[in-house]
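Below is one structure, written out as structure tokens, with a few remarks after it.
Readers should treat all values here as calculations from the given coordinates under stated rules, not as data from a laboratory. Nothing here was measured: the structure is a model prediction, and the numbers come from that model. Methodologically, a virtual Cβ is constructed for each residue, glycine included, from the backbone with ideal geometry; neighbour enumeration extends over all protein chains shown.
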Amino acid sequence: MKPIRSLLILLLFSLPLPGLAGAQRDEPLSDQNQAMLHKAIVDTTSLQLAFGNEREAQAWISEMSSRLKKFIPDEFMRIYFLKSLHYEASRAGLDPQLILGLIQVESGFKKYAISSVGARGYMQVMPFWTKKIGTPNDNLFDIRTNLRYGCTILRYYLDIEHGNLFRALGRYNGSLGQAQYPNMVVGAWKSRWFYAV
């Protein structure tokens, strides 16, 4: 009975899920926080992977690409997505594999996903953020823009929650204080995307 249960749990975390973006709150930001988040969003630094050497970078991309193939079949787009994700997550001080788990839960890797509350793209970013910390013309369906916003917002939530990942994930999803969403993200991260460099 236990092997079947374990298999069902593993299968659950490997399937793409519909967008689960909750009612993320449009909370007031101090002028200082708003300026800091705006600066992070508008920074146009070119894409660079944060690895010790090219061999480590290629090993990570190869491993993650094979895991991501069923979600993003086109190899060129998959590699671009992974390079963008790794850059934006590392830039925000986040584990890229955690972000893969979050995206699996949020959008099932659907670039044009829109939740019932209007959250958009891979990381299910709420449109109010473009007016608040970016520019109203920012396209949340653009890969790098979506990843940049999502990672910047999660980093902000981690900071205001003093590093508490479960509370930060709850804020990200609009379900602060409820365990279901953080548990799903961490479960997807650990069961499908964990990678030791």
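Want the number for Ala50 to Asn164: 0.36 nm per residue separation, take away the alpha-carbon distance, what's left?
Gain in length upon complete extension: 38.6 nm.
For a protection proxy built on the mean count of beta-carbon atoms within 10 angstrom, sort 146-156, 65-75, 106-116, 129-139 highest first, please.
Listed from highest to lowest mean packing, they are 146-156, 106-116, 129-139, 65-75.
If the chain between Ser191 and Asn137 were fully stretched, how many nm would it gain, using 0.36 nm times the residue separation less the Cα-Cα distance?
15.8 nm
Can you give the extra length, in nm with one decimal, that the chain gains between Lys69 and Val117 once fully stretched, where that is 0.36 nm per residue apart less the Cα-Cα distance?
14.4 nm
Over the range 85-173, calculate the relative contact order: mean separation of alpha carbon pairs under 8 Å at least 6 apart, over the residue count, as a percent.
Rounded, it is 23 percent for the range 85-173.
Would you count, across the range 40-197, every pair of lysines whose alpha carbons are under 18 angstrom apart, provided the pair is eight or more residues apart or spans two chains?
Taking the Cα cut-off of 18 Å, the pair count is 8.
Could you tell me the relative contact order of the range 27-193? Use alpha-carbon pairs under 8 Å, at least six residues apart, and round to a whole percent.
It comes to 23 percent, rounded to a whole number.
Please get the size of the charge dipole for the range 81-197, origin at its Cα centre, with Cβ charges of +1 on Lys and Arg and -1 on Asp and Glu, quoted in debye to the nearest 20.
Rounded to the nearest 20 debye, it is 160 debye.
Got a sec? Which residues in the range 71-107 would a label at Ser62 touch, if it sits 7 Å along Cα→Cβ and we count backbone N under 11 Å?
No residues fall inside that zone.
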